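First the structure, in the form of structure tokens, and then the observations on it.
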Amino acid sequence: MAKVEISGNGGRTWQAAALNPEQTPYGWRIWYATWTPGSKGSYVLMARATDASGATQPMTQRWNPSGYLWNVVQQVRMELGTENALPLPERRPEMPALPAAFQSACTGCHETDMIEQQRLTRPQWERELDKMIRWGAPVTPDDRTAILDFLTGIAGPR
């Protein structure tokens, strides 16, 4: 990913987001942006990515029968300062440093947020990791232990 931009006005204008320097081939990349609404009301905050070749995510997704490769401008509706407004979620504590093997084996296909929500036991994570290895994830025995420790730490049972 070469850049990420956000828009709070239906895509009429876009502002650049800051990219985390950490990246892996085919993996997710963390980015940050600050957006300030003009006033109370309903907004749709949009985010789009552009790759190194200049290809930008489309506003609408072409039909995909398998559901893979979802690649469209992401949109989140917010109600700010209205009676329908929901409280903001608590800010999530920063994640510990990701093992390098975790990035190459896991985040190429799975969002970190999705992984954190699983709340699996260590034996359940072992089954998931073994399944990823069968699918071709490059994981050594030492990497396997580090990944399992990490997953159990950030996404184990509550």
Practice problem: Kindly check whether there is at least one residue in segment 10-23 that is closer than 28 Å to Pro99 by Cα, in a loop (DSSP other than H, G, I, E, B) and of a type in the set (S, T, N, Q). | Solution: yes
Self-check item: All positions within segment 1-48 that are closer than 26 Å to Pro138 by Cα and among the acidic types (Asp, Glu)
Solution: Glu22
Self-check item: When residues of segment 72-88 are limited to those that are closer than 17 Å to Trp14 by Cβ and surrounded by 12 or more Cβ atoms within 10 Å (Cβ to Cβ), the one modelled with the lowest pLDDT
Solution: Val72
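Which one of these is surrounded by 11 or more Cβ atoms within 10 Å (Cβ to Cβ), among the charged types (D, E, K, R) and modelled with pLDDT of 90 or more: Arg12, Arg48?
After ruling out the rest, the residue left standing is Arg48.
The values are calculated or read from the model by the stated rules, or taken from the named source; none is laboratory data. This structure is a prediction, so every number in the text was calculated from the model and none was measured. With ideal geometry, Cβ positions are generated from the backbone for all residues, glycine too; neighbour counts draw on all protein chains shown.
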